[in-house]
Amino acid sequence: GLLEEVAANVPRLDYSDGSCPSLLLEGTATNLITYSENFSDASWIKSNSSVVSGFTSPSGDVSAFKLVEGASNSQHRIKANFTAVTNNTVSVFVKQNTKSKILLFNGNAGYGFDLANSTTSAVAGVNAPDSFNIESYGNGWYRCSISHSSANSIEVYLLNDFITTYVYQGDGTSGVYIYGAQIEENSHATSYIKTVGS
């Protein structure tokens with residue numbers, strides 16, 4: 001449940017199968033999001049929502065944000081655009097606050113995630129991706145991901161439920177914690193890659 005930063009040319013160890021570690025081996029990947037953690041950057045478009053900094057992330061530092069819904073009857077989301085890619089995976093770390101349901105969308109398809117009980121669901125009126133996953137990182141944090149044949153954005157919508165439309169009356173204070181967005185040309189999510197402007 002802990003994200004660990006490792007220096008270049010130092011082997012990474014995977015403890016997920018028990019107490020005895022093994023080498024973590026995976027293919028190369030590039031995070032196409034230029035500001036993967038700084039959701040206050042102008043590259044992240046806030047629609048009837050805002051972000052507040054200063055929350056503890058899965059890595060243990062104070063780099064997570066709270067995504068807060070606006071007080072309007074509308075969609076409440078944060079979005080970053082990028083050059084369209086195929087065979088992609090979009091992922092983000094999310095933790096429940098006063099909201100527990102989100103829609104993760106890539107511009108063409110999306111899926112719903114319930115952070116209160118770590119379940120997933122199709123969302124009314126939204127095309128389903130080729131695959132989706134929710135993985136616990138401890139302390140209430142989950143890494144939610146979707147994989148699809150094409151994508152041109154990463155979007156996180158706040159939801160009341162999965163059955164009705166994702167337009168609803170917000171209260172101006174409710175939201176979820178977010179951290180570590182990633183888009184990569186892979187059929188699955190690789191280890192998180194932090195980006196700061198490139």
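Of all residues in segment 39-63, those being closer than 22 Å to Glu135 by Cα and either in a loop (DSSP other than H, G, I, E, B) or among the small types (Gly, Ala, Ser) (or both) number 9. Checking each residue in segment 64-105 for being under 21 Å from Ile134 (Cα atoms) and either hydroxyl-bearing (Ser, Thr, Tyr) or in contact with a helix residue (DSSP H, G or I) (Cβ under 8 Å, 6 or more places away or on another chain) (or both) picks out Thr89, Ser91, Thr98, Ser100.
The residues listed here are Asn73, Asn48, Asn106; of these, the one that is surrounded by fewer than 17 Cβ atoms within 10 Å (Cβ to Cβ) and not small (Gly, Ala, Ser) is Asn73. Report, ordered by the first and then the second residue, all pairs with beta carbons closer than 7 Å, sequence separation of six or more or different chains, a first member in segment 127-143 that is over 18 Å from Ile178 (Cα atoms) and assigned to a loop (DSSP other than H, G, I, E, B), and a second member that is among the hydrophobic types (A, V, I, L, M, F, W, C) and open to solvent by less than 40 Å² (accessible area, probe 1.4 Å). Once the first residue is over 18 Å from Ile178 (Cα atoms) and assigned to a loop (DSSP other than H, G, I, E, B) and sits in segment 127-143, its partners that are among the hydrophobic types (A, V, I, L, M, F, W, C) and open to solvent by less than 40 Å² (accessible area, probe 1.4 Å) give Asn127/Ala109; Ala128/Ala109; Pro129/Ala109; Pro129/Ile146.
Here are Ile102, Ile33: which of them is part of a loop (DSSP other than H, G, I, E, B), under 13 Å from the mean Cα position of the chain (by Cα) and of a type in the set (A, V, I, L, M)?
Details: Ile102 fails: part of a loop (DSSP other than H, G, I, E, B).
Exactly one of Ile102, Ile33 is part of a loop (DSSP other than H, G, I, E, B), under 13 Å from the mean Cα position of the chain (by Cα) and of a type in the set (A, V, I, L, M), namely Ile33.
Checking each residue in segment 133-166 for being open to solvent by 60 Å² or more (accessible area, probe 1.4 Å) and either farther than 25 Å from Tyr15 by Cβ or of a type in the set (Gly, Ala, Ser) (or both) picks out Ser136, Asn152, Asn160, Ile163, Thr164, Thr165.
The values are calculated or read from the model by the stated rules, or taken from the named source; none is laboratory data. Just so it is clear, the model here is predicted, and its values are computed rather than measured. Neighbour counts are summed over all protein chains in view; Cβ atoms, including those assigned to glycine, are modelled from backbone coordinates with ideal geometry. Just the protein is used for accessible areas: all its heavy atoms, side chains included, with ligands, DNA and RNA removed. Shrake-Rupley method; radii C 1.70, N 1.55, O 1.52, S 1.80 Å.
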